[in-house]
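Just so it is clear, none of the values below were taken in a lab; they were calculated from the coordinates. Bear in mind the structure is a predicted one, so any value in this text is a computation, not a measurement. So basically every Cβ, Gly included, is an ideal-geometry build from the backbone, and we count neighbours across all protein chains shown.
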Amino acid sequence: MVNYGDLTVSILAASLPLTMPILYASIGEVYAEKSGVLNMGIEGVMSLSAFVSLWVTFTTGSYPYGLLAGVVAGLAMGVLHSYATVKIGINQLIAGLMIYFLALSLGDFGYVIATKTSYLHVSPIAPVQIPLLSGLPVLGPILFSQNVLVYASFVLAIILGLVLYRTTWGLKIRAVGENPEAADSAGINVNLVRHVCVILGAALAGLAGASLVLGYLGLYATGDTLVAGRGWIAVVVVIFARWSPYKAIAGAWVFGLGYSIAAVFIGSGLFSGLGTASGYLLLAIPYIFAIVFILLFHRGTKSPSSLTVPYKRK
């Protein structure tokens, strides 16, 4: 007999590590879009960084090196995307899709080559048991028994929110995204701000991919079956969050909850009586959430005025 109380706790506890990669990616995309640049390549960047971080961690035995490698892989894709969209002025949608396919292909190619000699896998980073708090009923396993990358994602969202709304640099980013001509007239280097934000966003997408592997799965899978739409969902979260890192926490958690419901229900066998089709239906839950959110929250949302619009100084 299923214990629905334990099942609920399991779903909520698993939702936070599944929120983590979506949150990293979405707060990075908030910065990119706030400066006026859309990155549709997040999914591919996450996939490439997931492979790179896994391979480096497996090879060196060092999780910090693996995380750094994942961030660097994302950063490299960010430099390429930034050069294409900000420097050259290529259509941002086309450039983003090119980055997606390039990064995804590189990740899969590297994985196939690497696994010719060994099977790549690592143990996910162990949860941190916070003294006293981790032993609390219900709240303990949900909030106080997570790995350090989970906690870091929420802290980073708050810090980057403060930077965006409480600092001069954040004001420059928002000015560039809303009115680049006026920002240029005020002495702000528009393209420099955009370069930095796009590269930062891609680096955080790299951290998202690395955290998914090192903080949750411990392995890689080809064909975009590992990231499994989380990069696309991060773009939806940005819209839901109205381009706010703070609100992105709630948005990312909702989708993390969707992934968690699917994973826990599949693992519990609760719907096994419906046959193999039930698994596919459950895996669709996060995407159903995405459709519902788009329908509910697309009205009243106002994107940065210069989003997707290249800027050339006259």
Dipole axis of the chain (+1 Lys, Arg; -1 Asp, Glu on Cβ), positive-most option in Y111, A175, A205: A175
Neighbour-count order for M46, M40, M77, fewest beta carbons within 10 angstrom listed first: M40, M77, M46
Extension gain, V79 back to Y280 (0.36 nm per residue minus Cα-Cα distance, nm): 68.7 nm
Size of electric dipole in segment 1-159: Cβ of Lys, Arg +1 and of Asp, Glu -1, about Cα centre, debye, nearest 20: 240 debye
Theoretical FRET efficiency, 1/(1+(r/R0)^6), r = Cβ-Cβ of A126 and T308, R0 51 Å, to 0.05: 0.75
Residue order, fewest to most beta carbons within 10 Å, for E29, E181, E43: E181, E43, E29
Signed unit charges on C-beta, dipole axis of the chain, positive-most listed residue A50, S244, S260: S244
Sequence-distant aspartates and glutamates (8 or more away, or on other chains) whose Cα lies within less than 20 Å of K34: E43, E178, E181, D184
Residues I113, I22, I188, sorted so that the one with the fewest Cβ neighbours within 10 Å comes first: I113, I188, I22
Neighbourhood net charge (11 Å Cβ-Cβ; Lys/Arg +1, Asp/Glu -1) for G44: -3
GNM result for the chain, Cα springs below 10 Å: residue of I142, I130, I288 fluctuating most strongly: I130
For the chain, size of Cβ-based charge dipole, Lys and Arg +1, Asp and Glu -1, in debye: 820 debye
Tilt relative to the chain, helix 63-82 - C-alpha long axis, 0 to 90 degrees, to 10: 40 degrees
Note, ³J(HN,Hα) from phi for segment 243-259, Karplus 6.51, -1.76, 1.60, rounded to Hz, x at Gly and Pro: 6, 10, x, 5, 5, 5, 4, 5, x, 5, 5, 4, 6, x, 5, x, 4
